[in-house]
Amino acid sequence: MSIFRVNRMTAAFIVLIVLGVGAYAAARALRKSSPTALGPAADTPLSAVQEGDYWYWIERPRSGRARLFRMSRSGSEEIATADEIAGFDVKNGKMAWAARDGKQWTIMSGPAAGQKSAVWTGTDTVGRPCIDGERVLWASSHAGLLRNGLCIPALGPILSVMTSNGQGPPKVVATLFESNGSLLGVHDNLAYVAARRRGTAATAIYEVALADGKWQRVVGQEGMSEPLLNRDGTLFWVAPSQDSTNTGTVSSVRSLVPGKKVTTIADWLPANGDLYVIGTDAYYVDGIARSSVWPVGSNDRLAHNLALPEGYQPVAVGERDILLQRTGGPSKSQHLFVVPRT
């Protein structure tokens with residue numbers, strides 16, 4: 001067989017491979033270019049989470065009451081309305097949320113598809129609760145003798161970490177010298193609380209032992225957005241970039257693995273975005289006009305955004321899908337779509 005013929009066969013083989021790869025890419029692009037309609041939302045979905053077949057989110061219109069909502073391809077349901085909904089958690093078919101009507105705050109809990117009941121009510125401000133098995137945890141803020149207590153923390157506001165299993169009155173697990181806070185989750189019987197003190201721009205994350213109430217501060221960061229806890233006990237949060245002088249327009253994603261030091265896992269991201277943790281994976285949705293999804297956590301600190309269907313932009317990243325809306329669409333009465341996350 002001549003060298004010429006061998007070269008021709010090799011070239012043909014290479015062409016077939018290229019065409020095959022191109023066909024696969026085209027098929028993938030076609031799949032990505034055809035989002036599936038989910039349903040209409042009355043306002044921009046906030047803090048959206050996917051659990052099973054449903055997406056859950058909060059709507060906070062400029063006028064009117066806040067709403068806690070869930071939607072699947074087969075229908076939608078308004079779970080609750082209130083003057084204010086501070087946050088919610090949904091896990092393994094159960095859910096809990098914190099809501100305020102007038103001056104009264106309530107922690108509600110129950111099956112996601114069934115009857116819910118109040119596990120606590122009071123006039124103290126509460127933040128986002130979390131679910132851990134059969135119990136619900138939240139943080140309740142009490143006023144102190146001083147408004148912020150920056151100079152003398154013991155005289156300032158006090159944050160009580162509380163828990164309830166629905167049997168008997170709630171219990172106070174620990175007390176922190178902070179103004180307000182939210183529960184990030186529980187790992188290895190340790191509760192993680194994101195707390196803020198009035199009059200500062202810093203957020204502190206506390207680790208609270210549920211067995212004896214002992215706590216320690218594990219992270220302190222100025223400009224930190226709402227941090228998240230993954231199933232392995234790793235903390236993630238968005239913070240101003242330490243490599244850029246334009247901290248208002250450039251963000252980074254940082255993480256803390258239990259027993260290790262804080263690490264920057266992604267940098268030079270467009271600012272004002274939201275972070276989503278799915279299992280052990282983390283995704284950042286930036287806050288610019290035509291936003292993108294950025295997988296973070298690889299060895300490359302310079303993240304690369306995902307290819308999304310043309311004419312759509314991300315709202316949130318879920319365990320199975322990416323929630324989308326049309327680019328440049330109205331902020332109200334918008335239709336939502338989904339595409340597979342992977």
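Per residue of region 311-326, what does 6.51 cos²θ - 1.76 cosθ + 1.60 with θ = phi - 60° give for ³J(HN,Hα)? Whole Hz please, x for Gly and Pro, Karplus curve as stated.
Computed from phi, the couplings for region 311-326 are x, 10, 9, x, 9, 7, 10, x, 5, 10, 10, 9, 7, 10, 9, 5 Hz.
Shape call for region 52-100 from the C-alpha gyration tensor, a ≥ b ≥ c root eigenvalues: rounded (a/c under 1.5), prolate (a/b greater than b/c) or oblate?
Numbers: a/c = 2.83, a/b = 1.44, b/c = 1.96.
Since a/c reaches 1.5 but b/c is at least a/b, the shape of region 52-100 is classed as oblate.
How do 230-239, 39-48 rank on mean C-beta neighbours within 10 Å, highest first?
My ranking of the peptides, most packed first, is 230-239, 39-48.
Would you please give the FRET efficiency between residue 222 and residue 53, computed as 1/(1 + (r/R0)^6) with r the Cβ-Cβ distance and R0 = 35 Å, to the nearest 0.05?
On the way: r = 40 Å, r/R0 = 1.13.
The computed FRET efficiency comes out at 0.30.
Quick one: give the max-minus-min coordinate of the C-alpha atoms of region 165-217 along each principal axis, largest first, in Å.
37, 23, 16
Extension gain residue 134-residue 335, at 0.36 nm per residue separation less the Cα-Cα distance, in nm?
Numbers: separation 201, 0.36 × 201 = 72.36 nm, distance 3.53 nm.
Answer, rounded to one decimal: 68.8 nm.
Modelling each spin label as a point 7 Å along the Cα-to-Cβ direction, I'd like the residue 172/residue 34 distance in nm, to one decimal.
Label at residue 172, label at residue 34, 6.0 nm between them.
We did not get these values from a lab; they are worked out from the coordinates using the rules stated. These figures come from a predicted structure and were not determined experimentally. Methodologically, a virtual Cβ is constructed for each residue, glycine included, from the backbone with ideal geometry; neighbour enumeration extends over all protein chains shown.
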